[in-house]
Amino acid sequence: MLSLAGVGFALCLVIIGSLILSNPGGSNGQIVGLALDDAGQPYLLGATVHLPEIGKTYTSNGQGFFRTDRIAPGSYRVEYVVGGQKVATDYATVAQ
């Protein structure tokens, strides 16, 4: 049973790696992250992630993860909003 879980984990890593390395959008990239609260725990489904420079908003999934669309290279302010209130600000850089 444990070896089956190891194989499944390795397969997941290969799939995730291929998604990261493939770049069908040309020079554009994505911001992928995890919305965490002050205690370091993920916001479970409901954190809104806002990129004010480009006017785009995304929502975290059931595990707190989010991923943007393909966006142009550059630095972006990332604002985390929960219950209509901004709870944190971070910065991310999309490289070419």
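Please list, in order along the stretch 63-77, the HN-Hα scalar couplings obtained from phi with the Karplus expression 6.51 cos²θ - 1.76 cosθ + 1.60 (θ = phi - 60°), rounded to whole Hz, x for Gly and Pro.
Using θ = phi - 60°, the values come out as 9, x, 7, 9, 8, 7, 5, 5, 10, 5, x, x, 9, 9, 7 Hz.
Quick one: work out Rg over Rh on the C-alpha atoms of the stretch 40-94, Rh as Kirkwood radius.
Ratio value, two decimals: 0.95.
Using 1/(1 + (r/R0)^6) with R0 = 41 angstrom and r between the beta carbons of Q41 and T93, what's the FRET efficiency to the nearest 0.05?
Numbers: r = 26 Å, r/R0 = 0.62.
For Q41 and T93, the calculated efficiency is 0.95.
Could you tell me the relative contact order of the stretch 27-96? Use alpha-carbon pairs under 8 Å, at least six residues apart, and round to a whole percent. Don't skip to the answer; put the middle values down first.
Numbers: 154 pairs, mean separation 25.1, N = 70.
Once divided by the residue count of the stretch 27-96, the mean separation gives 36 percent.
From a point 7 Å beyond the Cα of Q30 in the direction of its Cβ, which residues of the stretch 66-83 have a backbone N at a distance under 19 Å?
66-79
Only the coordinates and a few stated rules stand behind these numbers; no lab work does. Keep in mind it's a predicted model, so treat the numbers as computed, not measured. Positions of Cβ are generated from backbone atoms using ideal geometry, with glycine treated the same way; all protein chains shown enter the neighbour counts.
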